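Input: one structure, supplied below.
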Amino acid sequence: MRMTNGFVISGKNYKKLDSVFYTTHSVYEGVALDEVRNYEQGYFIGLGGILKNFSIEARYEKSNGMAAYVDLNSIVDRFYFLTAYKF
């Protein structure tokens, strides 16, 4: 098991609320979340092998996500399947 780290290089935190109530039309634009993490931590585990010039690997990764709210579940689960051929 290994540790992973993720950093925000560029991101959007934007929402637009367009509301119509009878003849009243209102638009609100602003930030979607007041607090967003710029750094996430996690772990991954993998298994792979090499046979002659071919290699394969499968990985599972889990991190705490970018939302800093307890009630907003932003935990990230990722599965990777990698193949390679060496010339």
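Just so you know, all these numbers are worked out from the coordinates, no wet-lab data involved. Here the structure is a predicted model, which means the values were calculated and not measured. Quick reminder, even Gly has a Cβ in these numbers, built from the backbone with ideal geometry, and neighbours come from all protein chains shown.
Which of the numbered conditions does G65 fail, given that it passes all the others? Conditions: (1) on the phi > 0 side of the Ramachandran plot; (2) surrounded by fewer than 11 Cβ atoms within 10 Å (Cβ to Cβ); (3) in contact with a strand residue (DSSP E or B) (Cβ under 6 Å, 6 or more places away or on another chain); (4) not hydroxyl-bearing (S, T, Y).
Condition not satisfied by G65: (2).
Quick one: in region 46-62, of everything that is surrounded by 11 or more Cβ atoms within 10 Å (Cβ to Cβ) and among the hydrophobic types (A, V, I, L, M, F, W, C), which residue is nearest to K16 (Cα to Cα)? Quick ask: steps written out before the conclusion?
Restricting attention to region 46-62, the residues satisfying the condition of being surrounded by 11 or more Cβ atoms within 10 Å (Cβ to Cβ) are 46, 48, 50, 54-62.
Filter again for among the hydrophobic types (A, V, I, L, M, F, W, C), leaving 50, 54, 56, 58.
Working: I50: 50, F54: 49, I56: 44, A58: 39 Å.
Going through the qualifying residues, I end up with A58.
Among (1) over 16 Å from R2 (Cβ atoms); (2) surrounded by 14 or more Cβ atoms within 10 Å (Cβ to Cβ); (3) polar (S, T, N, Q), there is one condition T83 misses while meeting the rest; what is its number?
(2)
Sort out which residues of region 51-73 are in a strand (DSSP E or B) and under 16 Å from the mean Cα position of the chain (by Cα), and write them in order of number.
R59, Y60, E61, K62, S63, A67 - these are the residues of region 51-73 that are in a strand (DSSP E or B) and under 16 Å from the mean Cα position of the chain (by Cα).
Now for a different question. Taking into account only those residues within region 11-45 that are assigned to a strand (DSSP E or B) and among the hydroxyl-bearing types (S, T, Y), which is surrounded by the most Cβ atoms within 10 Å (Cβ to Cβ)? Step through it out loud before you land on a result.
Residues of region 11-45 that are assigned to a strand (DSSP E or B), as a first pass: 15-21, 24-30, 36, 39-45.
When the remaining residues are screened for being among the hydroxyl-bearing types (S, T, Y), the result is 19, 24, 26, 28, 39, 43.
Details: S19: 9, T24: 7, S26: 9, Y28: 9, Y39: 10, Y43: 12.
Checked region 11-45; the qualifying residue surrounded by the most Cβ atoms within 10 Å (Cβ to Cβ) is Y43.
Separate question: Among the residues of region 1-10 satisfying the criterion of being outside any strand (DSSP E or B) and among the hydrophobic types (A, V, I, L, M, F, W, C), which is nearest to V76 (Cα to Cα)? Outline the logic, then answer.
Residues of region 1-10 that are outside any strand (DSSP E or B), as a first pass: 1, 8-10.
Narrowing the set further to residues that are among the hydrophobic types (A, V, I, L, M, F, W, C) leaves 1, 8-9.
Values: M1: 17, V8: 15, I9: 18 Å.
Only one residue fits best here, namely V8.
Can you find even one residue in region 49-56 that is within 15 Å of T4 (Cβ to Cβ) and without any contact (Cβ under 8 Å) to a residue 40 or more places away in the chain? Reasoning before the result, please.
The initial filter retains those residues of region 49-56 that are within 15 Å of T4 (Cβ to Cβ), namely none.
Scanning region 49-56, I find no residue that is within 15 Å of T4 (Cβ to Cβ) and without any contact (Cβ under 8 Å) to a residue 40 or more places away in the chain, so the answer is no.
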